[in-house]
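**Student:** One structure, pasted below without further comment.
Please treat every number below as a calculation from the coordinates, not as lab data. Since the model is a prediction, treat every value here as computed from it, not as a measurement. For neighbour counting, all protein chains shown are included, and Cβ atoms are generated from backbone atoms with ideal geometry for every residue, glycine included.
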Amino acid sequence: MKMMRRNVLIAFVLLVAALPLLPVPEFWITQANYIGLYSLVAIGLVLLTGVAGLTSFGQAAFVGMGAYTAAYLTLTHGVSPWLTIWVGLAFTFGAALLLGWVTLRMSGHFLPLATIAWGLSLYYLLGNIDALGKYDGLLGIPAIEFFGISLNTGRSFYYLLWLLVLLAAFGAIRLLDSRTGRALRAVKGGTTMAEAMGVNTFRLKVTAFVLAALLACVSGWLFAHFQRTVNPSPFGLNKGIEYLFMAVIGGVGHVWGAIVGATVVKVLEEQLQDWLPRLMGTSGNYEIIVFGILLVLVLQYARDGIWAFVEARFPKPQRAVDWGDAPALPHREQPPKGEVVLDVDQARKEFGGLVAVNDVSFQVRAGQILGLIGPNGAGKSTTFNLVTGVLPATRGKVLLRGQPIQSLPSREIAARGVARTFQHVKMIPTMTVLENVALGAHLRGASGVASAVLRLDRAEEKRLLREAQRQLERIGMADRMHELAGNLALGPQRLMEIARALAADPMLLLLDEPAAGLRLKEKQALADVLRQLRSEGMAILLVEHDMDLVMGLVDRVVVMEFGTKLIEGTPEEVQASPAVRAAYLGTEH
Amino acid sequence: MDFTIASILTLDGVTNGAIYALLALATVLVFAVTRVIFIPQGEFVAYGALTLALLQLGQVPGTVWLLLVMAVVASVLDAVAGLRRGLPAAAVATGALKSLAFPVAVCAVAWWAAPRQLPLLFQSLLTLAIVTPLGPLVYRLAYEKLADATVLVLLIVSVGTHFALTGLGLVFFGAEGFRNPSFWDSRFTAGPLTLTGQTLIIFMVSIALIVALYLFFERTLRGKALRATAVNRLGARLMGISTSGAGQLSFGLAAFMGALSGLLIGPTTTMFYDSGFLIGLKGFVAAIFGALASYPAAALGAVFVGLIESFGSFWASAFKEVIVFTLIIPVLLWRSFQHGHHDEEE
C-alpha cells in the first residue's frame, strides 16, 4: 500500500513533466497553465483554511498585487521580472501582515470579513488609478526570460509554472509534517490547548495568513507574464470566493486536494460558460449559480472534499520509525525534593458578581502529589485555569518557584515548566497519537517554517519524535502510537494527554480529572506512573473525583466547596473531617 | 465646501445610513441567533427592489418561481425525512401541504395581480410577501443541516448562497438596471435643504421598524425566545425553544428587512441584480462597529458609514467604495484593542 501511494505520486509528477512533450492540443496546455496558477493560490488556502482553521476571501486581491506589481514595474521601468517578484512579495507581505495583525486578535470570523472588504477595496482601487490603466488595465507585458530562453509560449511557460506548483505542494507537505505544522493544526481547534503547549497562536495564525498571501502573490506574478495583460476583473471578490471554492471542493485539509479542486473548478467553469448561456439564451456569468449551490452541497454532504475519497483508497503509510538513535532532548533541571514549586496565595476569581475562587491558598512541593477535590462547581477547574494562565486572576498571587506567574499568558507559564491536561480532552483527532504527543514537546524544539520546508529540521524532529515515543512507552501506549488520535476511546485519549504533558518535561504537572473514563486496570497503571513521577521529584496537582485513586495516591488533599478552601490535610485527616462529609453528602437536620 | 453642501451631504449620508442601519440590525440578529454571518443579506435588498420593478412593468418576477421551487424542495426534503423517521404518510402529507400553502397562495396572487398593474402600495406589500418567505427557506435548505458547524463553515455556506442568489438575480432581472417610482413625490424645503417625500419615508419606516423590533424583543414571547437562543442555544433548546424555528424566524426577519430596504432605496438609486451585495456589505461594516453583537453600536455605525460614504463621494467619488471598505481596518483595530482576546472553542 505504501509503495502504491508513492508510485501514484511519481506517476503524477512524471505526467505533469511529460504533458507538454505529448502531442496534446494547445488548448490543453493553456488549461493546465490556468490550473497551475489556481493551484498555487489554493495550496495557500489549504494551509490557511484546512490546517489553521482560518479563511480568506481576499486571495484574489493578493494575486492582483503580484500581477500589477509585475506589470507596472516591467512596463514603465523596464525592471526584470526576476526582480519584480520580490517587490510584489514585499508588498504582499506588508499588506497581509497588517490585515492579519489587525484581525487575528479577535475571533476567527473577523479575518474573512476583513478580507472581503480588502478584496473589494483593492478591486476598486486598481480600477480607478490612472497609472494602472483604470478598468482597462495594462497591456503588453513581456514574457519571462529564463537564462536567455523566452517563456513566451504556453509550453515553455508551463515548465516554470508547474515547477513552482510542485515546489509549493511539496513545501506545504513538508511544513505540515513538522513542529510548526503540528502547532498550526493545533490552532484550528481553538487556542487554549495550543497555548498550553507553548505555541504563540497569534503569531502562528499571522504566519499562516502571510504564507497563503505570498503563494497567491507568486501566482499573480506568473499570471501577469502568462496573460501578458492585466485588468482588475480577475482579482475581484468573486474570484477570491472561487479560490476558496477550489480548496473546499478538492479537500481543504489536503495539499493535493488543492490541485484536484483547481482542476475540477477550471474544467467545470469552462463547460458551464459554454453551456449555460446557450440554455439561458443570453450571456452572463451564470456559472456562479452552479458554483454556489455546489459549494453548499459539498459542505453539507462531503465536507472533506474529493481528496478524502482518494485518501480513503490510498491511506497514508505508517510513519517509518527512524529516530531510534536520535540523542535524547536536554532535561530540565528539577527543583530539589521538598521545595515549594507552586504557591497559590489568596487567589481570587470573580465572574461578574459570582466569586468562583474565593481567596484560595495552597502549595505544591517537588516530589509531592497534591489532590484538589470538591463537589461539582467547587471552583477546581477555575483554580486550574488561574494557575495555567487561561484566566487572569482578579486578585492574589500565583508563584512558581517564587516567581509570580499570575499575569503571564499560558504559553509563558508552559515555558517555565508547567504542563497540564484538560478536563475535556483537547487533541487533534486527525493526527496520530505520536504526533499529538510530540506537540507537547513543542517548546523543546526551535525550528520554524523555513527549516521545515528545507528539511533542515530533521535532526531536531527525530529528537522530538523519540521523546514522544518515550513518553508513550512510559504511559503504556507505545503500541498505539501510529493510530489516529480521533480513533481512541476516551480512556486512552486521557492517557495520551498525560504523555503529551510529560513530553514538555515539566517540573509541575497539572492533571484535570485524568481518571475519568479510565478502566480499573488503566487507573492502576496511571497511579503507578504518577508514583514514579513523584519519586523522580515532579510536583503534581491532581483534580479528581475518584476517591479511591486520590486517597491511595496523594500526599496531601485540599478540599474546595463553593469556591472556598474548606480544609487541607493528609488523606486520613480529610476523610475523618465532618465538614468534608457535609460538603459531599449534605448535613443531617 | 460650504455649509450648504455639508448639510446636503449630511442629509444624504444619514438617509443612506438609515437603510444601512436596518441591514446592520438584521446582520446582528442573524449572527446572534444562528452564528451565521449572513453575506446574502444584500441579495434580498436587490430582490425587493427589482421584484417591485418587474411588478411595475406588469411582469411576473422570477422570484415568484424561486419561492415556489424552494418551497417544494423544502417540503419534499421534509416529507422524505418524515417518512424515514416512520411518520404516517397522512401526517407527512398534511405537513407538506401546510408548509406549501403560503408560498403557493403568494405565487397565485402574484400571477393574478402582475398583469393588472395594481396600485404601488399593493405591489409593495406583494413584494414583501414574495421575498420574506425566501429567508426561512434559505435557512432550511442551506444552513439548517449545518446548524452545529463552526462559524467558519457557516460563513463559507453564506458565500456559496450569495453566489447562487446573485446568479439567480441575473436570470430573473437581467443585466439592466431599474429605478422605482417614488412612494411620495412631495418636496419640502428647510433652509438650504430639500427634503423629498421619499427621504421622509425612509426615516419614518426605519425608525418605526427599529421601535417595532425593540418591542418585539422586549415584549413578546417569540422575541424573548430569539434572545434566549442568542445567549445560549442549548439552554434555549432545553427550555423548549426550537433552535430551528428561531433560525427560520431570524432569517425571515432578515429577509423582510432586506426587502423593505430594497423598497425604500429603489426610488433613490438605480438598482442592478448585483447592487444589493455592496449595499448589504455596508450594513456589514456597520455591524462590525458593534462586533456583530451590539444593536445600538451597529445602528450608530450605519449612520457613520452613510456619512463617510456621502462625504467620500464628494471629495473622491471614484474612490468612494475604497474609502468605505477600507474603513473596516481601523474599526477592527479599534475593536481588537478594546476587547482584546476573544476566542471561540470548537
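**Student:** Using only the alpha carbons of region A:452-526, what is the convex hull's orientation-averaged projected area in square nanometres?
**Tutor:** About 6.1 nm², averaged over all directions.
**Student:** Taking amide hydrogens as modeled 1.01 Å from N in the peptide plane, which residues meet the under 5 Å criterion relative to A:Gln406, leaving out close sequence neighbours?
**Tutor:** The answer is A:Val398.
**Student:** Please average, across the residues of A:234-243, the number of beta carbons from any other chain that are within 10 Å of each residue's own beta carbon, and give a whole number.
**Tutor:** 2
**Student:** Still on this structure: Starting from the Kirkwood Rh over alpha-carbon pairs, what translational D in µm² s⁻¹ does region A:376-460 have by Stokes-Einstein at 37 °C and 0.692 mPa s?
**Tutor:** So the translational diffusion coefficient is about 215 µm²/s.
**Student:** Suppose the chain between A:Arg470 and A:Gln423 were pulled fully straight at 0.36 nm per residue; how much longer would it get relative to their current alpha carbon spacing?
**Tutor:** 14.5 nm
**Student:** If you take every residue apart from B:Leu66 with its C-beta less than 15 Å away from the C-beta of B:Leu66, what net charge results, scoring Lys and Arg +1 and Asp and Glu -1?
**Tutor:** 0
**Student:** May I pose another question? What Kirkwood radius, in Å to one decimal, follows from the Cα pairs of the protein assembly as shown?
**Tutor:** This gives a value of 30.7 Å.
**Student:** For an R0 of 41 angstrom, estimate the FRET efficiency from the Cβ-Cβ distance between A:Leu19 and B:Ile201 and round to the nearest 0.05.
**Tutor:** Efficiency for this residue pair is about 0.05.
**Student:** With θ taken as phi - 60° and the coefficients 6.51, -1.76 and 1.60, list the Karplus ³J(HN,Hα) couplings across region A:488-499 in order, rounded to whole Hz; mark glycine and proline as x.
**Tutor:** Once θ is set to phi - 60°, the couplings for region A:488-499 become 7, 6, 4, x, x, 4, 5, 4, 4, 4, 5, 4 Hz.
**Student:** Can you check what the Kirkwood hydrodynamic radius comes to for chain B, Cα pairs only, in Å to one decimal?
**Tutor:** About 21.0 Å, per the Kirkwood formula over Cα pairs.
**Student:** Per residue and in cubic angstrom, what volume does the convex hull of the Cα atoms of region A:146-253 have?
**Tutor:** Convex hull of Cα atoms, per residue: 136 Å³.
**Student:** Next question, about the same structure. What FRET efficiency, computed as 1/(1 + (r/R0)^6) with R0 = 51 Å and r the Cβ-Cβ distance, is obtained for B:Met239 and B:Ala108, rounded to the nearest 0.05?
**Tutor:** 0.85
**Student:** Sticking with this one: Extending each Cα 7 Å along its Cβ direction at B:Asp78 and B:Ala93, get the distance between those two points in nm, one decimal.
**Tutor:** 1.6 nm
**Student:** Continuing with the same structure: Would you work out the relative contact order for region B:1-143, in percent, from Cα pairs under 8 angstrom that are 6 or more residues apart?
**Tutor:** Normalised by residue count, the contact order of region B:1-143 is 29 percent.
**Student:** Put +1 on the Cβ of every Lys and Arg and -1 on every Asp and Glu Cβ in chain A; which of A:Val267, A:Ala172, A:Leu585 then has its Cα farthest towards the positive end of the dipole?
**Tutor:** Of A:Val267, A:Ala172, A:Leu585, it is A:Ala172.
**Student:** Oh, and also: Sort largest first and round to whole Å: the equivalent ellipsoid semi-axes of region A:81-187, each the square root of five times a Cα gyration tensor eigenvalue.
**Tutor:** So the three semi-axes of region A:81-187 are 30, 26, 11 Å.
**Student:** Quick one: which residues, 5 or more positions from A:Thr564 or on another chain, have an amide H under 5 Å from its amide H? H modelled 1.01 Å from N in the peptide plane, none for Pro or chain starts.
**Tutor:** Here the answer is A:Asn358, since their amide H atoms fall under 5 Å of that of A:Thr564.
**Student:** Would you mind giving the mean number of other chain beta-carbons within 10 Å of the Cβ of each residue in A:120-132, as a whole number?
**Tutor:** Mean partner shielding for this stretch: 4.
**Student:** Let me ask something else about it. Tell me, what HN-Hα J-couplings in whole Hz come from the Karplus equation 6.51 cos²θ - 1.76 cosθ + 1.60 at θ = phi - 60° for each residue of region B:138-144, using x for Gly and Pro?
**Tutor:** So the J values, rounded to whole Hz, are 4, 4, 5, 7, 9, 10, 4.
**Student:** Nearest 10 degrees is fine. How inclined is helix A:154-176 to the longest principal axis of chain A, computing both from alpha carbons?
**Tutor:** Between helix and principal axis, roughly 0 degrees.
**Student:** Expressed as a rounded percentage, what relative contact order does chain A have, with Cα pairs under 8 Å and six or more residues apart?
**Tutor:** 17 percent
**Student:** Report, in degrees rounded to the nearest 10, the 0 to 90 angle that the Cα long axis of helix A:2-18 makes with the longest principal axis of chain A.
**Tutor:** The angle comes out near 30 degrees.
**Student:** Also: Counting Lys +1, Arg +1, Asp -1, Glu -1, what net charge surrounds A:Gly402 among other residues with beta carbon under 12 Å of its beta carbon?
**Tutor:** Neighbourhood net charge equals 0.
**Student:** Sum up the charges of everything whose Cβ sits under 15 Å from the Cβ of B:Thr270, counting Lys and Arg as +1 and Asp and Glu as -1, but leave B:Thr270 out.
**Tutor:** Residues near B:Thr270 contribute -1 overall.
**Student:** Here is a follow-up. Which loop-located trypsin sites (Lys or Arg not before Pro) does region B:152-222 contain, where loop means any DSSP state but H, G, I, E or B and the Cβ has at most 15 other Cβ atoms within 10 Å?
**Tutor:** Here the sparse-neighbourhood loop sites are B:Arg179.
**Student:** Calculate the spin-label point distance for A:Leu139 paired with A:Arg395, positioning each point 7 Å from the Cα along the beta-carbon direction, and give it in nanometres.
**Tutor:** 7.6 nm
**Student:** While we're here: Pairing the Cα long axis of helix A:458-475 with the longest principal axis of chain A, what angle in degrees results, from 0 to 90 and rounded to the nearest 10?
**Tutor:** So the helix axis and the longest Cα principal axis differ by about 40 degrees.
**Student:** Can you give the longest run of chain A that contains no GluC sites (Glu not before Pro) sitting in a DSSP loop with at most 11 other Cβ atoms inside 10 Å?
**Tutor:** Value returned for the longest uninterrupted segment is A:1-332.
**Student:** Between B:Val33, B:Val14, B:Val104, find the one with the highest GNM mean-square fluctuation for chain B; connect C-alpha pairs within less than 10 Å.
**Tutor:** Fluctuation is largest for B:Val104.
**Student:** Along the Cα-to-Cβ line of B:Gln117, 7 Å from the Cα, sits a label point; which residues in region B:50-67 have backbone N less than 12 Å from it?
**Tutor:** Correct set: B:55-59.
**Student:** Which order results if A:Ile405, A:Ile144, B:Ile156 are arranged by neighbouring Cβ count within 10 Å, fewest first?
**Tutor:** A:Ile405, A:Ile144, B:Ile156
**Student:** Using 17 Å as the cut-off for backbone N distance, which residues of region A:460-483 belong to the label zone defined by a point 7 Å from the Cα of A:Ser535 along Cα→Cβ?
**Tutor:** Under cut-off, by backbone N: A:474-476.
**Student:** For a quick check: with amide H placed at 1.01 Å from N, whose amide H comes under 5 Å from A:Leu510's, ignoring anything fewer than 5 positions away on the same chain?
**Tutor:** A:Ala419, A:Arg420, A:Thr421, A:Leu541
**Student:** How big is region A:1-155 by Rg and Dmax over its Cα atoms, in Å?
**Tutor:** Reported Rg and Dmax, both Å: 18.9, 58.
**Student:** Tell me, A:Asp304, B:Asp2, B:Asp148, A:Asp555 in order of fewest to most beta-carbon neighbours within 10 Å?
**Tutor:** Result, fewest neighbours first: B:Asp2, B:Asp148, A:Asp555, A:Asp304.
**Student:** Shape verdict for region B:1-100, please, from the Cα gyration tensor: rounded (a/c under 1.5), prolate (a/b greater than b/c) or oblate.
**Tutor:** oblate
**Student:** Return the Cα extents of region B:219-266 along principal axes one, two and three, sorted largest first, each rounded to a whole Å.
**Tutor:** For region B:219-266, the Cα spread along each principal axis is 43, 21, 14 Å.
**Student:** Placing +1 on the Cβ of each Lys and Arg and -1 on the Cβ of each Asp and Glu in region B:3-339, which of B:Val159, B:Gln59, B:Leu141 has its Cα farthest towards the positive end of the resulting dipole?
**Tutor:** Checking the options against the dipole of region B:3-339, the answer is B:Leu141.
**Student:** Moving on. What do you get for Rg/Rh of region A:340-585 when both radii come from the Cα atoms and Rh is the Kirkwood radius?
**Tutor:** Across region A:340-585, the Cα-based Rg/Rh ratio is 0.98.
**Student:** Can I ask one more? Counting other beta carbons within 10 Å of each Cβ, put A:Val248, A:Val559 in order, fewest first.
**Tutor:** The most exposed by this proxy come first: A:Val559, A:Val248.
**Student:** Follow-up. Quick one: if you stick a label point 7 Å off each Cα along the C-beta vector at A:His545 and B:Ser186, how many nm between them?
**Tutor:** Roughly 7.0 nm, to one decimal.
**Student:** Among the helices of chain B (complete DSSP H runs), which have Cα atoms covering no less than 18 Å along the helix axis and a Kyte-Doolittle mean of at least -1.0?
**Tutor:** Correct list, ordered by number: B:3-34, B:41-56, B:62-84, B:89-113, B:151-173, B:197-219, B:243-265, B:275-289, B:295-315.
**Student:** Ordered by residue, what ³J(HN,Hα) values in Hz, to whole numbers, does region A:96-107 give under the Karplus form 6.51 cos²θ - 1.76 cosθ + 1.60, where θ = phi - 60° and Gly and Pro are x?
**Tutor:** Calculated HN-Hα couplings, in order: 5, 4, 5, 4, x, 5, 6, 9, 7, 6, 9, 3 Hz.
**Student:** Another one. Remind me, relative contact order of region B:3-339 in percent, using alpha carbon pairs under 8 angstrom and six or more residues apart?
**Tutor:** Across region B:3-339, relative contact order equals 38 percent.
**Student:** Taking the dipole about the Cα centre of chain A, with the C-beta of Lys and Arg at +1 and of Asp and Glu at -1, give me whichever of A:Met560, A:Ile141, A:Trp118 is farthest to the positive side.
**Tutor:** A:Ile141
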